[in-house]
1. Taking the range A:303-332, which residues are within 13 Å of chain B (Cβ to nearest Cβ), among the hydrophobic types (A, V, I, L, M, F, W, C), crowded, with 20+ Cβ neighbours inside 10 Å and under 21 Å from the mean Cα position of the chain (by Cα)?
2. Looking only at the range A:609-631, which residues are at negative phi, within 9 Å of another protein chain (Cβ to nearest Cβ) and small (G, A, S)?
3. Could you check, for the range B:231-240, whether at least one of its residues is within 14 Å of another protein chain (Cβ to nearest Cβ) and of a type in the set (F, W, Y)?
4. Please find, among A:V410, A:V427, A:V441, A:V464, the residue that is touching a helix residue (DSSP H, G or I) at 6+ places or on another chain (Cβ under 8 Å), within 14 Å of chain B (Cβ to nearest Cβ) and in contact (Cβ under 8 Å) with a residue 12 or more places away in the chain.
5. Kindly establish whether A:A606 is closer than 30 Å to B:P272 by Cα and away from chain B (no Cβ under 14 Å).
6. Condition test on B:K226, is it over 16 Å from the mean Cα position of the chain (by Cα) and modelled with pLDDT under 80?
7. Filter the range B:67-79 down to residues that are more than 13 Å from the chain's Cα centre (by Cα) and crowded, with 17+ Cβ neighbours inside 10 Å, then give me how many there are.
Amino acid sequence: MGDPPPDPEPPSQPTSSRRSSQVSERRRTRPSVAPLVHEELQQIPLDPQILRGSREALSNQSNLHGWPQSTSLTPNENLVFQAEDSYVNPGFPAAVQRQAYLSEGRLQASQNASLMLQQLQQGEGNLFQELESAYQEPPADLGQFTMYQREDLPFSQGTEHGPYMTDDPTLQFSPSELGFMSFNMELPEPEPRELAVQNAKAYLLQTSINSDLSLYEHLVNLLTKILNQRPEDPLFLLESLNRTTQWEWFHPKLDTLRDDPEMQPTYEMAERQRALFSRSGGGEGEQEMEEEVAETAVPNIMEKAFYFEQAGVGLSSDESFRIFMALKQLVEQQPIHTCRFWGKILGLSRSYLVAEVEFREGEEEAEEEELEEMTEGGEAMEAHDEEEGDEDEDKVMDVIPKPTWKPPPVIPKEESRIGTNRYLYFVCNEPGRPWMRLPHVTPIQIVQARKIRKFFTGYLDAPVISYPPFPGNEANYLRAQIARISAATHISPLGFYQFGEEEGDEEEEGGAGRDSYEENPDFEGIPVLELVDSMANWVHHTQHILPQGRCTWVNPLQKTEEEEELGEEEEKADEGIEEVEQEVGPPLLTPLSEDAEIMHMAPWTARLSCTVSPQYSVAVVRSNLWPGAYAYASGKKFENIYIGWGHKYSPENFNPSLPAPIQHEYPSGPDTIEMSDPTVEEEQALKAAQEQALAAAEEEEEDEEEDEDEDQDD
Amino acid sequence: MEGRSFGSPWTRLLLATWRALSRAACAMDAESLLLSLELASGSGQGLSPDRRASLLTSLMLVKRDYRFDRVLFWGRILGLVADYYIAQGVSEDQLAPRKTLYSLNCMEWSLLPPATEEMEMQTSVVKGRFMGDPSHEYEHTELQKVNEGEKVFEEEVVVQIKEEKRLVSVIDQIDKAVAVIPRGALFKTPFGPINVNRTFEGLSLSEAKKLSSYFHFREPVELKNKTLLEKAELDPSLDFMDSLEHDIPKGSWSVQMERGNALVVLRSLLWPGLTFYHAPRTKNYGYIYVGTGEKNLDLPFML
């Protein structure tokens, strides 16, 4: 074993000089670094392979950390860093040293690795010292030529062995380079200590069963990483570093050119949402600004979201903003007069964002006519088919008895802008996705929706499988629930809305009451405390839905013209049997105090949003009947919102409707029951009886004739 | 710190790791409350700003007073008159029973007694909403057999159940039934204690959409019923709890991606109001319960 390496300076000095950025100390250590530099430079040419090998390993790690892909970039970076710094602190080693562990540390790592290898070989204990001394090397070199100098070294410097290098070339190369053994050197006998070290190293170089990684290489990577990064408390982080290094070895980061396939849908969604934020049309900026500043149909969602947030309700603010942009997009696409964010209905795979919209006058009718034409066309086809069927039936000899069952009369749905169909609803799954229009709701759908309880899946065309069967798909069910929720939970402070000036309609048929309201321009606002105290200060401003499924009652037995034409005969049978009672519901603008209780529980809960500061609070009302429905009022502003699953609260468990009772069979009588054919004996007996009867009849006749003859003779 | 100005990437990563370690929580860690509330806001219910502020302050004091390792905000139970805000304190062992505290105004916290089976049986007869008053007593008439001498007859006995007890048992039921934690967030050492996995980097996107990557945060019940073949594929240090996959009824969890695929949200349909969120590939996860505290027994009809 050679002489121990010169100990240029005590360990404390390098650490202090590394930590501090004082120039003076650096100058002191400078000259002492020189001889060490010489030695280290000599070490390096002996292991060019190791250098490259560890540098490759290093570059792998660099990749993982998002550093430049190839080490060929590092000298450029070195140049960059040092060029930047050069005019700040020209030639000051402190500056260079400060960046050392940014840029040159990478290079240092390779040197360190080689050093470590050699130290292990030599069995030196002063590993750290060597590393530190190696660390100080770059300041001594003139910055940008560092890299090239080192590369030139193998060729410029002679292959002088350091004092502690043995003649055994196998000890200087890693096992991968065994092919480079030059056999012209003598192999001295290894001493016991060396042998122990070699054994230890061989053990460490064992590759594990699961992978190609050996503990040795892993430790090299780990320590390299630590030395590059110099975290504050490496001992504490050792475990996590260990895991991370292992993980990184097997999960190299993907190419920067290729997109991560997993993130594809995320990026797509982001693109779509970005489209929301772009302003419509290109064009001159000023004109557009003026147009936009003028009144738009889009409400101030952010303000409402702020108030709801005070109540602890609502979506996060960036989501609210995206909803605002999506509504704006909707307003641009459709001819909309007023628009409101109704709420969010949660579903199993996707949720619905609902917008309540009123079209401009006349716009909507065009679309409706199209829909009606389509349905009418369908009906005409069906009628035509039925007529043909009838004709066929007439031709057939047997007349099939017509069933006596008549379907219950269909209650007509309400017209647009009236009652339950007062507003149009658009839904979308997420801001950025297209808005889809929900169809108008029919009374039968509302009636059936009251009987079933189903979760929404998130797809509008999903079927609703239930008993009693729901007439429609999820879009219809959604619309029906929206109608029910709106009718039950849309409230406003008393006095905000008032009835129009058209009096004198109180004696309308059936006392339907007024069904329109308008904003009260003189509304002063009710103090928040009063709003919270009494429920009489809030009123419903949507019409209550009658059990029939409509807001205004319609007598189902009133025949329309068509029906009178077709079924005159049948009508007469039905008339007078059923008299339907008119259904009456609470009129518009009834206060909440009139609402029915649920099992001794008040249907509404009112709170101040912040009890600690009541002067700036907002009055919040929460529905207990429809959990998720909230309303706030503050001053002259109020708003309703619904965020929930879309179901009514029922204190008892849900009882699904029982199936209909089993229908009676046809009445059994002689003409429907199969009689057994008479047997031969029976027939003969019958025949005999008939003959007897005949004979008896003939005898009677003969007697009568005799009697008549006798009479005549007389 | 010196390292920040020219930002060694490692230093930044280190700081983020340290912060994230404290964030690795089951309910919502008090330190990361604001972020957690924002991520869980998709269900519509959250906290108002004044509540948030008072929570942050008071939970800090609770942690000091009760000497908890971590304090988690569990959620909010809506009552008719007032709401209960619930927090839980955690000690070193993650799966040990936690101490539950409740408050009506997010400032003064009271400790709740631990849940027992007897409590659960008693309170299972109470139905309806919570009142919001912890001293409210529910009355329930029961037929009890009374022995008087030699006669045995049934008498109607009015049992009074305090709302506090009901609160305790409901919280316990919810925790046992639907508390969720992603796979890999905790790991089990051979010696028994369960530790937070500090190298948990979050689930990947494909894993996050599957129910099998989420576990019930409770002592495993069904794990031992698994066949040997299934167990062979499990990693005993990570898969030591029941997964959500085999919950009955099937489909009682709703898995959704929100925020343009950047957040996965699990909502329980059995206890509506429980929301679990996780941002894939990050360490953020947590759950919160905001609801009426009633089990949805109609679930089989609704699916």
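1. A:A305, A:V313, A:L315, A:I323, A:A326
2. A:S609, A:S613
3. Looking through the range B:231-240, none of the residues is within 14 Å of another protein chain (Cβ to nearest Cβ) and of a type in the set (F, W, Y).
4. None of the other options fit; the residue is A:V464.
5. Answer is no for this residue.
6. The answer is yes for B:K226.
7. Summing the residues that are more than 13 Å from the chain's Cα centre (by Cα) and crowded, with 17+ Cβ neighbours inside 10 Å in the range B:67-79 gives 4.
Quick grid of which residues meet (1) in contact with a Gly (Cβ under 7 Å, 6 or more places away or on another chain); (2) surrounded by 18 or more Cβ atoms within 10 Å (Cβ to Cβ); (3) not in a helix (DSSP H, G or I):
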site: A:Q445; (1), (2), (3): yes, yes, no
site: A:Q448; (1), (2), (3): no, yes, no
site: A:S466; (1), (2), (3): no, yes, yes
site: A:P469; (1), (2), (3): no, no, yes
site: A:L478; (1), (2), (3): no, yes, no
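The values are calculated or read from the model by the stated rules, or taken from the named source; none is laboratory data. Because the structure is a prediction, the values reported are computed rather than measured. Don't worry about glycine lacking a Cβ; one is built from the backbone with ideal geometry, like all the others, and counts go over all protein chains shown. The protein model used for the area step is the full one, side chains on, heavy atoms only, and it has no ligands, DNA or RNA in it. Shrake-Rupley method; radii C 1.70, N 1.55, O 1.52, S 1.80 Å.
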